[in-house]
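Novice: Take this structure first; my questions come after.
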Amino acid sequence: MSARATTGLEAKMASKINTLHSYDTLYSADSIEWCPHAPSQHLFVCGTYQLDKEEESSKAGRKGRLLLFSYRPDSNSFALEQSIETAAILDQKWHPSRPVLTVVNASGQAVTYNLLPTEEQLIPMDTLTIEKESEEEQLALSIDWNLQGDKALISDSKGGVTVLEFDERGLHQRDRFKAHSFEAWTCAFDRTDENILYTGGDDTLLNIYDIRCLEAPVMKNKCHDAGVTSLLSLRHRENLLATGSYDDQLRIFDRRAMKAPLSRTNLGGGVWRLKPNPHRPDWILCACMYHNFSIVSLKEDQSVVIESEYFEHSSICYGCDWSYASDGSKTDSYYFATCSFYDHKLCLAEIKSDNKES
């Protein structure tokens, strides 16, 4: 079966996006994660990565800030609640069942914070430095939790992936394995079978591993024409995996037959992040680097339609996520935040769907 290919020219454009707020993050912004846990679903974090040109040859030249924001759709109120000085941030994820955030940074660390819901503040809990394969600089690039929240994955700039276990004391390293020849840009657990994990690298490979035997991948997929930069195992669509790449393509795979994608869609820019809408999971928010942010819908036949494009940013589009909160009076509205790099800009926007089933 050959992959169904589509382009942005076939976009449906059924939905309208309105920018509600914008904010200058001062440092270059590259990641956003909205808190999924009640009563804190009005909170989200933005991670930043600033290169100090006077010290760019050293670790000290990479600095960042972790910014905690609040947004309440019912009153359209937006505020910065906390700013924490950190090493430069590459990625961050909330724990699936606890108000805990883990941030990975340019110092090769995973820093875990507890969220205090009443105070709306993040408190440091634990810092873990991932194992290095040499004395050379090793950046932690991405993180993913399994659904149970007892394991996490971290990929790094030396092509390695670290498996960690989590308990009341924090994160503990279990294994580290070499997954790619160059940067391992991304990693993810499968949402159907959490013994299966995926890694994507600058070597253009999408690798599949069984966590019970990490010596070699179960399969190497060579369908991508450039580095694999984002992975999304779809919890609501069993066995489906979405991938993004520097080659501008969003691909949909069936993990049971990974030789070729079921469909691929040109989004016009490298696909750095993929975020499903928690209220409407067939809608995926995509950060398309040098192009824009796009909202696509995944159809029953695994084809992809571009519902809307968001051109509010003038630099590299890296970070995005949907709000878990909603305005009960607007059943056709969804909220999301986006951020971009050199213009250090954060936007908060609302999308209104023209119809419930697009």
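The values are calculated or read from the model by the stated rules, or taken from the named source; none is laboratory data. These numbers come from a predicted model, not from an experiment. Neighbour counts run over all protein chains shown; Cβ positions are idealised from the backbone, glycine included. Keep in mind that these areas ignore ligands, DNA and RNA; they rest on the heavy atoms of the full protein, side chains included. Shrake-Rupley method; radii C 1.70, N 1.55, O 1.52, S 1.80 Å.
Novice: Between region 160-182 and region 296-318, what's the alpha-carbon centroid distance in Å?
Specialist: What the calculation gives is 32 Å, centre to centre.
Novice: Then there is this: State, to one decimal in nm, how far the label point of D52 lies from the label point of D301, with both points 7 Å from Cα in the Cβ direction.
Specialist: Spacing of the two 7 Å Cα→Cβ label points: 5.6 nm.
Novice: Roughly what % of Cα-Cα distances in region 75-230 sit above 24 Å, to the whole percent?
Specialist: 34 percent
Novice: Hey, another quick one. In whole percent, and with a 1.4 Å probe on the protein chains, what portion of the accessible area of region 176-249 is carbon and sulfur?
Specialist: About 45 percent, which is the carbon plus sulfur part of the accessible surface.
Novice: Same structure, new question: Take the Cα of S22, step 7 Å along the line toward its Cβ, and report every residue of region 274-318 whose backbone nitrogen sits under 12 Å from that point.
Specialist: Residues passing the 12 Å test: 311-315.
Novice: Dividing the convex hull volume of the Cα atoms of region 15-95 by its residue count, what figure in Å³ per residue is obtained?
Specialist: With only Cα atoms used, region 15-95 gives 128 Å³ per residue.
Novice: Also, I was wondering about something else. Contour minus end-to-end for E133 and E194, with contour as 0.36 nm per residue of separation and end-to-end as the Cα-Cα distance?
Specialist: That pair, E133 and E194, stretches by 19.3 nm at full extension.
Novice: Next question, about the same structure. Please list, by residue number, every one of the GluC sites (Glu not before Pro) in region 257-327 that is coil in DSSP and has at most 15 other beta-carbon atoms within 10 Å.
Specialist: Passing both the DSSP loop test and the Cβ count: E300, E312.
Novice: Y246: net charge of surrounding residues, Cβ under 10 Å, Lys/Arg +1, Asp/Glu -1, itself excluded? Let's see the in-between values first.
Specialist: Values: positive: none; negative: D202, D225, D247, D248.
Overall, the nearby charge balance is -4.
Novice: Here is a further query. Under a 10 Å cutoff between Cα atoms, tell me which one of R264, R255, R212 has the largest fluctuation in the Gaussian network model of the chain.
Specialist: Between R264, R255, R212, it is R212 that shows the largest mean-square fluctuation.
Novice: Let me ask another. Could you state the accessible area per residue of the chain in Å², with a 1.4 Å probe and every protein chain left in place?
Specialist: 40 Å²
Novice: Quick one: plug the Kirkwood hydrodynamic radius of the chain (C-alpha pairs) into Stokes-Einstein at 20 °C, 1.002 mPa s, and report D in µm²/s.
Specialist: D = 106 µm²/s.
Novice: Scan around Q121 for amide H atoms under 5 Å from its own, H built in the peptide plane at 1.01 Å from N, and keep only partners 5 or more places away or cross-chain.
Specialist: Amide H to amide H, under 5 Å and 5 or more residues apart or across chains, Q121 pairs with L116.
Novice: Right, next: On the full set of protein chains, 1.4 Å probe, figure out the accessible area of K63 and give it in Å² to the nearest 10.
Specialist: 80 Å²
Novice: Between Y342 and E168, what FRET efficiency follows from the Cβ-Cβ distance if R0 is 45 Å, with the result rounded to 0.05?
Specialist: 0.65
Novice: Please list, in chain and number order, the residues 5+ apart from G159 or on another chain whose amide H is under 5 Å from its amide H, with Hs placed from the backbone.
Specialist: Residues meeting the amide H criterion: A184.
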